[in-house]
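To start, the structure under review is shown below, and the notes come after it.
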Amino acid sequence: MNSVIFSTTNRLIAGLLLLFSVFLLLRGHNLSGGGFAGGLVAASAFALQSLAFGVGAARRMLIFDPRSIIAAGLVVAFVSGLAGNLAGKPFLTGLWDKTPLPLIGKLGTPLLFDFGVYIVVTGIVCMIVFSLGEEEEG
Amino acid sequence: MGTILISAIASVFLAGFLAPWLHRIAGPRVGVLLGFVPLAAFVAFALMLPQVAAGTPVQASWEWAPSLGIELSFFADGLSLLFLLIISGVGTFIAWYAAGYLHGDPGLGRFTLYLFSFMGAMLGLVCSDNLILLFIFWELTSITSYLLIGYYCRKEASRRAALQALLVTGGGGLAMLAGFILIGRETGTLEISSLLAMQPGALVESTVFPIIFTLILLGAFTKSAQFPFHFWLPNAMEAPAPVSAFLHSATMVKAGIFLLARLHPGLSPSPLWTAVVAPVGAATMIIGVFLALGQKDLKRILAYTTVAVLGTLTMLLGIGTPLAIKACMAYLLAHALYKAALFMASGTIDHETGSRDPDHLGGLRSAMPFTATAAFLGGLSMAGIPFLIGFVSKEYFYKALLDADGPGVLWEFLGVSASVAMVALAATVAIKPYWGSLKPTPKTPHEAPWTMWLGPLLLGVAAIKFGLFPGLAGERLVGPAAAAILADPGFSADLKLWHGLTPALGLSVLTLALGGGLYFLTGKLRSARGLYSFLAKIGPERWYDAGLAGLLGFAKWQTRFLQNGYLRNYVLVVGAFTTLLVGRLLPLDALRPDFTGMAGLSVLGVTTCGLISVAAILACMATSRFAAILALGVVGLGIAVLYFLYSAPDLAMTQILVETLTLVLFVLAFRSLPLLKEFSRRSIRIRDAIVSAVFGSVMCLLVLVAFQFQPGEAPISGFMSENSLLLANGRNVVNVILVDFRALDTLGEISVLAIAALGVLSMLKTRPGKEKGER
């Protein structure tokens, strides 16, 4: 797609979308948002990138292979659950640091879990979009 | 001690997982080095002997899923310990042997991973206290043995044998699981130690006992290759020799024997026990030796004799007298020692000469002195020559048969016949290839590296040691194991070499004489192809093949019928089935819904619903794909608006994002899709309209019913919203449910998502018509 308007806008918007996705992830525990929604927003940033500049550019922007990202996300989610076991509680029991931090809020293993969901979703959508895109580009 | 037990098992697993990585950086030496891990485990288990022999089992337990009665609990009594020692002891030699056998094979690291995982699973299996845990280890051994048998995965025969072993033993394992669950339901516990502590016969009185009994036997018989499931074991000889020596002689196939022995106190009070287990064992024993006599391959001969020995062990367990149990454990120990040695020796012959046909081998003694010595000792023990443990165990076997109330002298007759054949077969595998004149072989024979003969030789030495001093094995190994099987802590087994001039001794002498005579006929039997090929034609392996072919045929047919590649058919099938299943369950008063307690109508809501309906109808009528997509987009966004109106911002946000991404995906796929040229016929459109209308109505009714359904207590949503901040430090209930209250569900969902995405990827990458090698 050779649209100057689209690609110029995309340059501006991609970073904002990624920032917004992280914002959604972090606020998710108290306000609307969360890992799933955040992951979809992040993936849409890469999807737009692939539409504007081709899949190669989007892959470079993502740095890692989507498959590795999915695997990493699953591992993060799983490990966040193991933290409960280490504390002598059942798997996936949330552990919290009760002192709120500026901007981020309270830290806890559910946030880590949500981060795992975030990257799994990003990885999955990117993988599908990139594969379809490469199909198109031939 | 409990910690040591767990650490020993865990270290075997850990060593396995490090193996591929270590192999990459340190090369083939790693195999030898890693052999010291099971050796250390062996020493650790040996240190437990005094405590266990005194009657105190080693125990360790962690909570796992207490609400289901599933614990990570382990206990090692005499029976477990005998198996632990055999597995880790033989396992050490196998690890060394494999390092020599697969020297230079780039897959050695991977092989070691499979082998050690198998060993760990087997160790875990024999000291599991929880039945579910036992099942998990059980199936883990099936899976790892699948990988091991199919190690030469480029060979069709290997893959077939691996799949066969997996289907037969894995299938039996599932039956066993069902049996375990029934045991848990009937007795209220899944802990083996609690089951053993129960009144003998408590389980037998249950009304479902025959079902439990059948299911457990299915598991044990498939794993231990009892007739008619014996066929997978000889086929598994496609595996590399160390695997055959380890899995198919000393360990995995004995898991079924172990299970029968473990559950003996619970199951044996039933008359079914002796009536079923002993005859099946006897039949397997006879079929095993008979088929062994006709084989032209050292490994297959050994495999069939293993089947025969497994039959003998099963028969002894079935007879179940204290003497029979003692004989069974002595026989099991003797067999593990000699069979592992003989398997390794025959693998060495194959490795060094390139042939495994006993008729083409001879005179290897001078070229391979150590291997020949090891095989000789193993052969003597297998034949039951005095001063080897094999002699002692056969004496007790005969004593048990003479002592048991069998049908006439049938048991004695069958036992002696099988032992006679064993003598002839021992001579075929342990004497024939090494003595006589040297015969030409594909490779020039020479002695194997020390890794490959040390183990068999030491096993042979152990066979002599226990043969000369059977009291040692009796007091520390066989006695405590038999005491555990009989659930009689006071039971002690003093094995003796000399019993005086007893009938058993007479039978032993007769056996040796007849066996020596039979040996000279074995050459003729091996060339009697007609009889054996006829038996192969009607044997149970045909049933397996026919069953598998039928299953695959059915799978193919139903896949073509239900999943024919057209998305519209999938939607139709899914919709129609859901309608039928759900519609049948809906109560009739769902038709008179109660709207109290629901939010009222709003102008905006009604307008949005109208918009959605119009857009949906337009999507159906559209003649261009683009129009249909736009219309569907309106439907999706309309639903998002509804979510907003009824205060579900998270859902709305997700819905909008999904809509957006669907559009992006569609844009990407758009160009590859053909133009819409043909439209469905009128009749088909009417059918689809009816199905979708009914489906929609049923879903609508379902939601209305669900809203009114109050299971006694306050709805769960109340609990969630009250506790989300309190327990989970979050105000957004939706998110708290996802990442905390129901995090396990989410973990499952993202795993499913990831697998689905891999499926999408593989479909895109392997579409027919794509050139090979393109990524």
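Structure summary
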| read-out | value |
| --- | --- |
| Residue in segment B:237-249 that is among the β-branched types (Val, Ile, Thr) and either surrounded by fewer than 20 Cβ atoms within 10 Å (Cβ to Cβ) or on the phi > 0 side of the Ramachandran plot (or both) present | no |
| Residue match in segment B:411-418 (condition: under 30 Å from B:Arg365 (Cα atoms), in contact with a helix residue (DSSP H, G or I) (Cβ under 6 Å, 6 or more places away or on another chain) and surrounded by 14 or more Cβ atoms within 10 Å (Cβ to Cβ)) | yes |
| Matching option when the condition is at pLDDT 85 or above, crowded, with 20+ Cβ neighbours inside 10 Å and not in a helix (DSSP H, G or I), among B:Phe118, B:Phe75, B:Phe111, B:Phe93 | B:Phe75 |
| Any hit, segment B:692-700, residues being more than 30 Å from B:Pro587 (Cα to Cα), in a helix (DSSP H, G or I) and either within 47 Å of the chain's Cα centre (by Cα) or free of Cβ contacts under 8 Å to residues at least 12 places away in the same chain (or both) | no |
| Single match in A:Gly34, A:Gly38, A:Gly73 (criterion: at positive phi and touching a helix residue (DSSP H, G or I) at 6+ places or on another chain (Cβ under 6 Å)) | A:Gly34 |
| Of all residues in segment A:11-29 being away from chain B (no Cβ under 12 Å) and within 9 Å of the chain's Cα centre (by Cα), the one that is surrounded by the most Cβ atoms within 10 Å (Cβ to Cβ) | A:Leu18 |
| Yes/no for B:Arg185 being charged (D, E, K, R) and under 30 Å from B:His103 (Cα atoms) | no |
| A:Ile119 being within 13 Å of the chain's Cα centre (by Cα), of a type in the set (A, V, I, L, M) and more than 7 Å from chain B (Cβ to nearest Cβ) | yes |
| Cβ-Cβ under 7 Å pairs, at least 6 apart or on other chains, segment B:719-743 side within 9 Å of chain A (Cβ to nearest Cβ), far side in a helix (DSSP H, G or I) and of a type in the set (Phe, Trp, Tyr) | B:Ala728/B:Phe741; B:Val739/A:Phe113; B:Ala743/A:Phe113 |
| Residue that is surrounded by the fewest Cβ atoms within 10 Å (Cβ to Cβ), among those in segment B:550-579 that are within 20 Å of B:Met763 (Cα to Cα) and small (Gly, Ala, Ser) | B:Gly565 |
| Qualifying position, being touching a helix residue (DSSP H, G or I) at 6+ places or on another chain (Cβ under 7 Å) and more than 7 Å from every other protein chain (Cβ to nearest Cβ), among A:Thr8, A:Thr109 | A:Thr109 |
| Lone unmet requirement of (1) more than 10 Å from chain B (Cβ to nearest Cβ); (2) more than 15 Å from the chain's Cα centre (by Cα) for A:Ser32 | (1) |
| Count of residues meeting criterion [closer than 21 Å to B:Val574 by Cα and of a type outside the set (D, E, K, R)] in segment B:663-694 | 10 |
| Helices (runs of 4 or more DSSP H) (entirely within segment B:228-340) containing at least 3 residues that are under 28 Å from B:Thr187 (Cβ atoms) and touching a helix residue (DSSP H, G or I) at 6+ places or on another chain (Cβ under 7 Å) | B:254-262, B:264-267, B:271-293, B:298-319 |
| Set B:Leu495, B:Leu468, B:Leu477: member being in contact with a Gly (Cβ under 7 Å, 6 or more places away or on another chain), among the aliphatic types (A, V, I, L, M), modelled with pLDDT of 80 or more and within 15 Å of B:Val392 (Cβ to Cβ) | B:Leu495 |
| Any hit, segment B:539-546, residues being at pLDDT below 90, touching a helix residue (DSSP H, G or I) at 6+ places or on another chain (Cβ under 8 Å) and not charged (D, E, K, R) | yes |
| Options B:Ala427, B:Ala374; residue that is touching a residue at least 40 places away in the same chain (Cβ under 8 Å), surrounded by 24 or more Cβ atoms within 10 Å (Cβ to Cβ) and part of a helix (DSSP H, G or I) | B:Ala374 |
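Conditions tested, residue by residue: (1) in a helix (DSSP H, G or I); (2) at pLDDT 90 or above; (3) in contact with a helix residue (DSSP H, G or I) (Cβ under 6 Å, 6 or more places away or on another chain).
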| position | (1), (2), (3) |
| --- | --- |
| B:Ala175 | yes, yes, yes |
| B:Thr189 | no, no, no |
| B:Gly201 | no, no, no |
| B:Ser206 | no, no, yes |
| B:Ile211 | yes, yes, no |
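Residues checked against (1) under 30 Å from A:Asn10 (Cβ atoms); (2) more than 7 Å from chain B (Cβ to nearest Cβ); (3) touching a residue at least 24 places away in the same chain (Cβ under 8 Å):
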{"position": "A:Phe64", "(1), (2), (3)": "yes, yes, no"}
{"position": "A:Arg67", "(1), (2), (3)": "yes, yes, yes"}
{"position": "A:Thr93", "(1), (2), (3)": "no, yes, no"}
{"position": "A:Trp96", "(1), (2), (3)": "no, no, no"}
{"position": "A:Gly105", "(1), (2), (3)": "no, yes, yes"}
{"position": "A:Phe115", "(1), (2), (3)": "yes, yes, yes"}
{"position": "A:Ile128", "(1), (2), (3)": "yes, no, no"}
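The values are calculated or read from the model by the stated rules, or taken from the named source; none is laboratory data. What you see is a predicted model; the values in this text were computed from it and never measured. Note that we place each Cβ from the backbone using ideal geometry, even for glycine, and neighbour counts take in every protein chain shown.
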